[in-house]
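Taking it in order: structure first as structure tokens, then the write-up.
The values are calculated or read from the model by the stated rules, or taken from the named source; none is laboratory data. Since the model is a prediction, treat every value here as computed from it, not as a measurement. So basically every Cβ, Gly included, is an ideal-geometry build from the backbone, and we count neighbours across all protein chains shown.
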Amino acid sequence: MSGLLVGEENPGMAYIHRIIGCTAVLLALMSPCADAYGQQAAPEAALTLDQLVGAARRYFRDTAEFLRGAKMFKISAGNAFWTMLPGIVLSADPSGYVFAAQPTDPAASLLNAQLTSSKPCPALTMTGKVLFYLPDEVCGTSSFAVHNDLSFHKFAFDVAGLPAPVKISPFGRCMLQRYRVEIEFQSVTLPGDKEPFLVPKQSSAHLETDKGAIVITSVFEPKK
């Protein structure tokens, strides 16, 4: 049994608004090493953590202001949270992660890197509402793919601490075996702004259980 769930109801709106506010603050407090990003040339070798943080400061903003509300919020609380995770990860204490540059993909002109928790992740638990699909603690491996100009192409997050027993809709109690989130980005420019920045283009959460799979996909449309 499998299901494709695209959230149409969201009982956790107040929670999402709070997350958005916190994310905007976190991005504003990013490492000062990113301030000189505008003077950096496109990387010719492996991607570095400083470059990732600098790119996040340049390209990520609070998406609530320029994505259509109907598109942004008529989705699950889980997917709304995941779209903000790349900025949260890159604004965290670097000592909490192990950074590893990955081989460059010449065909796609992409630079790749991973951030893995420096401490063992606890067993996953999900004690919130069954329709939110959010783990109590977000811990796992973040994967970033960026273009040569350091603009983000794709972000993926593999949740650790699995397999683990959970209770989620529509399966009830089951064994969660895999939880992966993927986000693709698109470039937008606000009137009066010279620099483009990035917003989600599509996000998807894949949950695989012993009773079936759930895929939650949201497509984001900038305001016209």
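Which is in contact with a helix residue (DSSP H, G or I) (Cβ under 7 Å, 6 or more places away or on another chain) and on the phi > 0 side of the Ramachandran plot, of 150, 134?
Details: 134 fails: on the phi > 0 side of the Ramachandran plot.
The match here is 150.
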Discussion item. If residue 217 meets every condition in (1) of a type outside the set (A, V, I, L, M, F, W, C); (2) touching a residue at least 60 places away in the same chain (Cβ under 8 Å); (3) surrounded by fewer than 17 Cβ atoms within 10 Å (Cβ to Cβ); (4) closer than 27 Å to residue 50 by Cβ apart from one, which number is that one?
Written reply: (4)
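Results for (1) of a type outside the set (Phe, Trp, Tyr); (2) in a strand (DSSP E or B); (3) within 14 Å of the chain's Cα centre (by Cα); (4) modelled with pLDDT of 90 or more, shown as yes or no for each residue.
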{"residue": "174", "(1), (2), (3), (4)": "yes, yes, no, yes"}
{"residue": "181", "(1), (2), (3), (4)": "yes, yes, yes, yes"}
{"residue": "186", "(1), (2), (3), (4)": "yes, yes, yes, no"}
{"residue": "193", "(1), (2), (3), (4)": "yes, no, no, no"}
{"residue": "217", "(1), (2), (3), (4)": "yes, yes, yes, no"}
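If you check residue 146 against the conditions, is it in contact (Cβ under 8 Å) with a residue 60 or more places away in the chain and either under 16 Å from residue 180 (Cα atoms) or out of contact with any Ser or Thr (no Cβ under 8 Å at 6 or more places or on another chain) (or both)? Step through it out loud before you land on a result.
Values: in contact (Cβ under 8 Å) with a residue 60 or more places away in the chain: yes; either under 16 Å from residue 180 (Cα atoms) or out of contact with any Ser or Thr (no Cβ under 8 Å at 6 or more places or on another chain) (or both): yes.
Yes.
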Worksheet item: Do the conditions hold for residue 173, that is, is it closer than 17 Å to residue 216 by Cα and surrounded by fewer than 17 Cβ atoms within 10 Å (Cβ to Cβ)?
Response: no
Worksheet entry | Identity of the residue in the stretch 129-155, crowded, with 17+ Cβ neighbours inside 10 Å and among the small types (Gly, Ala, Ser), that ends up nearest to residue 88 (Cα to Cα) | 142
Worksheet item: Restricting attention to the stretch 152-167, does a residue exist that is part of a strand (DSSP E or B), modelled with pLDDT under 90, among the hydrophobic types (A, V, I, L, M, F, W, C) and over 17 Å from residue 59 (Cβ atoms)?
Response: no
